[in-house]
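Some notes on the structure that comes next.
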Amino acid sequence: MDTIRLDILRISIELNFAQETLSPLNSNLELFKPNTRNKTTPKLNINIVEKSFTGVDAKNHIKNRNRSIKLLRNGENLIFNYFTGQFLTDPDFSDVKIWSPYEKEISIERDGSINYNGDPTLRLILWGRASLEKYCYLHGALVVLEGKYILLMGDSGVGKTTLSKLSCECGGTCLTEEDPFISKIDNEIIAYGTPWPGIIGPPVPDSGKLHSIFFLEHAKQNELKRLTPPEASKLLLHNSRTFNWLPHTIPDAIDLLNITAQSIPSYRFGFTPDQSAVEKLLSVL
């Protein structure tokens, strides 16, 4: 059985592929390098096992799958049924079994190496585990400009990808254009990129101290308005993704959002889609 390791956030994920199910699997591949800034937490073991539920789990198999994500329980274990497959996990997301992996998640290169994207399967598993670890999953882009980690937030179509591209053209780095996490470590808010590539380019699973947050709007000229903590908290909540399948994780997520709004400078940013917008960003960094 081959093993693929993925280290993201502070969570170490080990993927064990069953030879009889996903063959030929004849080489190991490290998808992403560990982030040495952070201490590791207990290992998360993920086993891809069979094409469908069998044996004692057969009664839990859902035949009619759709695009919604459903949570069922088998004793203490949790069973997630969603449009690309199913997985079963223990309550702390430390031991996960995946059934019916989405074919597009797995590719075998000419040299025999394995590429496992794991999206959306790993995304959902990581989201659950991270929620239990008191991380918060956001809808936004995470960009590094002049060494400062900034979040670009807003609804779809507001310009997150556009401003991320412009930032890269001006020497910045986009760590993720859709899927950042944040956490509180040693009284600092840390922002994390995630390992799934987007429109801009390859993923950069890096992390750093969050410097500022910008809530984007379309505008005829570049305008920055500093937000009060209550205003920022409301907008952060609107742009957060709580793990509603485990309701007991939601209060911790909301607490983290409120702490972030209190401690991180936040702005409403109406911008024009050119490099002058990046210059305006830099003026407050």
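No value in this document is a laboratory result; all are computed from the given coordinates. Since this is a predicted model, take the numbers as computed values, not measurements. No Cβ is skipped: glycine too gets one built from the backbone with ideal geometry, and neighbour counts run over all protein chains shown.
The label-point distance for residue 248 and residue 94, in a model that sets each label 7 Å from Cα toward Cβ, rounds to 1.5 nm.
Of the GluC sites (Glu not before Pro) found in segment 139-197, those that fall in a DSSP loop while having at most 12 other beta-carbon atoms within 10 Å are 146.
Could you calculate the FRET efficiency of residue 241 with residue 276 from 1/(1 + (r/R0)^6), where r is the beta carbon distance between them and R0 is 35 Å, rounded to 0.05? So the FRET efficiency works out to roughly 0.65. Other residues within the sphere of radius under 12 Å centred on the Cβ of residue 164, judged by their own Cβ, net out at -1 (K and R +1, D and E -1). If you look at the Cα atoms of segment 136-282, you get an Rg and a Dmax of 14.3, 44 Å. Here the label points at residue 155 and residue 284, each 7 Å from Cα along the C-beta direction, are separated by 2.1 nm in the simple model.
Once both labels are positioned 7 Å from their Cα atoms along Cα-to-Cβ, the gap between residue 226 and residue 134 label points is 2.9 nm. First measure r as the distance between the Cβ atoms of residue 218 and residue 262, then evaluate 1/(1 + (r/R0)^6) with R0 = 35 Å and state the FRET efficiency to the nearest 0.05. Here the calculated transfer efficiency is 0.80.
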